[in-house]
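The values are calculated or read from the model by the stated rules, or taken from the named source; none is laboratory data. Remember, predicted model here, so these are calculated numbers, not experimental data. FYI the Cβ positions are ideal-geometry reconstructions off the backbone, even for glycines, and counts take in every protein chain you see. When the accessible area is computed, the model is the full protein with side chains, heavy atoms only, and any ligands, DNA or RNA have been set aside. Shrake-Rupley method; radii C 1.70, N 1.55, O 1.52, S 1.80 Å.
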Amino acid sequence: MHRLLPHDTEHELVRIGRHGDGGYVIAELPGGYDALITAGIGDDASFEGAVLQRQPGLRGVAFDGTIPALPPGAHADLRFVRKNVGGVDDASTTTLRRPLGECTDALLKLDVEGAEYACLPRLCDELRRVKQLVVEWHTPGDMMKHPGY
């Protein structure tokens with residue numbers, strides 16, 4: 001976890017997805033991704049749709065156990081898994097180890113209301129398969145609002 005430090009980049013930064021919640025800033029890295037793995041969708045999959053539009057043929061999978069299905073208008077190439085992200089792999093939760101294990105240059109997005117603190121320490125070996133990590137970090141106060149997540 002000590003390697004997860006913010007740093008400057010020489011690459012251009014661009015906002016992907018809608019303005020406000022649902023959009024994220026990423027670096028324009030050379031080459032593409034071999035997978036889009038995203039956790040935390042809620043009612044907005046505009047980031048995922050924009051990434052999939054920018055790289056046709058990219059496979060995408062979205063995890064979110066708080067919603068019954070992807071929101072209307074979600075990109076057709078985005079597969080949905082009704083599981084939350086956390087510190088264990090079971091019927092309702094995933095650590096993301098399995099989907100990341102199939103990648104070499106993944107774009108991983110986490111907006112999981114505090115579960116990033118349980119998930120990321122279990123991904124130490126798999127993080128080498130992540131080309132770009134996008135995280136919306138949450139404070140303990142934020143986490144109190146979503147105790148079930």
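Summary of computed values
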{"read-out": "Contacts under 6 angstrom Cβ, first residue in the stretch 106-130 being in contact (Cβ under 8 Å) with a residue 40 or more places away in the chain and among the acidic types (Asp, Glu), partner outside any helix (DSSP H, G or I) and surrounded by fewer than 17 Cβ atoms within 10 Å (Cβ to Cβ), 6 or more apart", "value": "Asp111/Glu136; Glu113/His146"}
{"read-out": "Count - residues of the stretch 85-138 that are assigned to a loop (DSSP other than H, G, I, E, B) and of a type in the set (Gly, Ala, Ser)", "value": "6"}
{"read-out": "Of the criteria (1) open to solvent by less than 60 Å² (accessible area, probe 1.4 Å); (2) at pLDDT 95 or above; (3) closer than 25 Å to Thr9 by Cβ; (4) in contact with a helix residue (DSSP H, G or I) (Cβ under 7 Å, 6 or more places away or on another chain), which one Gly49 fails", "value": "(4)"}
{"read-out": "Residue within the stretch 76-95 that is touching a residue at least 60 places away in the same chain (Cβ under 8 Å), open to solvent by 50 Å² or more (accessible area, probe 1.4 Å) and closer than 23 Å to Gly49 by Cα present", "value": "no"}
{"read-out": "Qualifying residue in the stretch 33-43 (condition: farther than 15 Å from Asp111 by Cα and either in contact with a His (Cβ under 9 Å, 6 or more places away or on another chain) or at pLDDT below 95 (or both))", "value": "no"}
{"read-out": "Conditions (1) open to solvent by less than 10 Å² (accessible area, probe 1.4 Å); (2) farther than 25 Å from Asp125 by Cβ; (3) touching a Phe, Trp or Tyr at 6+ places or on another chain (Cβ under 6 Å); (4) of a type outside the set (S, T, N, Q): number failed by Ala39", "value": "(2)"}
{"read-out": "Unique residue being of a type outside the set (Lys, Arg), in contact (Cβ under 8 Å) with a residue 12 or more places away in the chain and not in a strand (DSSP E or B) when the list is Leu58, Leu36", "value": "Leu58"}
{"read-out": "Residue satisfying condition, being out of contact with any strand residue (DSSP E or B) (no Cβ under 8 Å at 6 or more places or on another chain) and under 25 Å from Lys145 (Cβ atoms), within set Ala45, Ala39, Ala91", "value": "Ala91"}
{"read-out": "Qualifying residues in the stretch 100-116 (those that are open to solvent by 40 Å² or more (accessible area, probe 1.4 Å) and of a type in the set (D, E, K, R)) - the one farthest from Thr139 (Cα to Cα)", "value": "Glu102"}
{"read-out": "Residue ID - modelled with the highest pLDDT, chosen from residues in the stretch 102-149 that are small (Gly, Ala, Ser) and more than 23 Å from Gly23 (Cβ to Cβ)", "value": "Ala118"}
